[in-house]
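To start, the structure under review is shown below, and the notes come after it.
Nothing in this text is a laboratory measurement; each read-out follows from the coordinates by a stated rule. Remember, predicted model here, so these are calculated numbers, not experimental data. Quick reminder, even Gly has a Cβ in these numbers, built from the backbone with ideal geometry, and neighbours come from all protein chains shown.
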Ligand SMILES: [Zn+2]
């Protein structure tokens, strides 16, 4: 365990870096890394890579070769920086995505201005999660500046496309073997869960499409065709009246916030029907109807049972009338993830929150997913959590902002957690 004096030295180095932290955060917010479509990624990764290089990290840059969204116009670049200690392990990896969602309407501040007002930093990405990425950089840097030496490795990655699934970012790096348990022990993702909250995982996502197949006929003689829209109705009715109430009774033991998101849900995402490739108004019987669903499932349910339950209802409704034909297509599956309760990473962050924020740390789980899934499912790294500055409620909103005090405090928390995970035993 690091001594109080060692902890104080690290905390003082963070405090002294306040202006540097703010400056880099503001510069990063001013680069409009908007996704979609993925603009200014090169500019942003140059800024981050150069900043890390100047601080003395070894910097690698990876373009997501082979991914369809990695194009000449919108290259998908990832930066990974390394600082080696006296031995390679343990390795703590800090990861932040640098892409942001479009600004949208309703701002009273410049979304790409990086303005500071009343102790808050404003702009798209201020909370989600450019400030968090900078906090991670200076947490690692404070440990180095304190001159205490580390026994393991610290890595920092700035990755693309989290907002669109992370396939060119964390998933790509994990698939290529750069972010896996063969070199990494713990991962902190500074997503904006707040200065006293550690997010240990998230629920599962199952997106699927059901197509009802009909038979085209003249609109004046509908009895000669099979209407795909009419045939979709009993299926929607069955899902709504039977499945939805059953899901509302299933509650996860994971501490998902907000509390309403602790239950399994089914959302109809879109519905579309008519003739393939035609205007909506045609003199014909609709021969196709497609519905897209978003099913959030619990770790206690699991994916197999989740899917089987839908297939069972579908087959039952189909069997009741020989003219009904449904085709189910899986669009995306994200399995639930949850860091082990006894992970030393969680213990280190909790002790650091007690010391810096002086409130009891709170463990939460996320209503939606983020890059943790790729670290766990592809990289095989279970000891992965999200902890970072900013309020989740402000992410993706107009006038997104982050409290500067929280930004500095979360930098301190991450720095102390790194110190406790990486301090030499004999120190
Ligand atoms: Zn985010």
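Exposure proxy ranking for 412, 373, 27, based on other Cβ atoms within 10 angstrom of each Cβ and starting from the fewest, stands as 27, 373, 412. Enter the angle in degrees (range 0 to 90, nearest 10) between the Cα long axis of helix 344-356 and the first principal axis of the Cα atoms of the chain, meaning the one along which they spread out most. That helix lies at roughly 60 degrees to the long axis.
Could you list the residues of the stretch 364-379 with an amide nitrogen less than 17 Å from a label point located 7 Å from the Cα of residue 341 in the Cα-to-C-beta direction? Label zone hits: 364-365. Want the number for residue 294 to residue 237: 0.36 nm per residue separation, take away the alpha-carbon distance, what's left? So the chain would gain 18.9 nm between residue 294 and residue 237. Using C-alpha pairs under 8 Å with a sequence gap of at least 6, the mean separation divided by the residue count of the chain gives a relative contact order of 25 percent. Remark: spin-label model distance residue 5-residue 320 equals 7.7 nm, labels positioned 7 Å along the Cα→Cβ axis.
Given R0 = 56 Å, the distance between the Cβ atoms of residue 405 and residue 251 translates into a calculated FRET efficiency of 0.95. The angle between the Cα long axis of helix 18-29 and the main principal axis of the chain comes to about 30°, on a 0 to 90 degree scale.
Along the Cα→Cβ direction, 7 angstrom out, place labels at residue 108 and residue 86. What is the inter-label distance in nm? So the two model labels end up 5.4 nm from each other. Calculated mean residue ellipticity at 222 nm for the chain: -9500 deg cm²/dmol, from DSSP H runs with n ≥ 4 weighted as -39500 (n - 2.57), summed, divided by the residue count and rounded to 500. When you count the other C-beta atoms within 10 angstrom of each residue and take the mean per peptide, 113-123, 61-71 line up highest first as 113-123, 61-71.
For the stretch 204-334, dividing the convex hull volume of the Cα atoms by the residue count gives 109 Å³ per residue. Per-residue packing, averaged as other Cβ atoms within 10 Å, sorts the ranges 316-329, 91-104, 350-363 into the order 91-104, 350-363, 316-329, beginning with the highest.
Across the stretch 204-334, Cα pairs under 8 Å and at least six residues apart give a relative contact order of 43 percent. Note on the stretch 1-146: Cα-only Rg and Dmax are 16.7, 51 Å.
At what distance in angstrom do the alpha carbon centres of the stretch 180-229 and the stretch 317-394 lie from each other? When both Cα centres are located, 15 Å separates them.
Computing FRET efficiency as 1/(1 + (r/R0)^6) for residue 354 and residue 244, where r is the C-beta to C-beta distance and R0 is 35 Å, gives about 0.25. With an a/c value of 1.5 or above and a/b larger than b/c for the gyration tensor axes a ≥ b ≥ c computed over the alpha-carbon atoms, the chain is described as prolate.
Take the Cβ atoms of residue 27 and residue 218, set R0 to 60 Å, and the FRET efficiency comes out at 0.40. With the cut-off at under 15 Å, measuring from each backbone N in the stretch 278-300 to a point 7 Å along the Cα-to-Cβ line of residue 313 picks out 291-298. Nearest 10 degrees, 0 to 90: what angle lies between the long axis of helix 41-54 and the longest principal axis of the chain (Cα atoms)? So the inclination is approximately 20 degrees.
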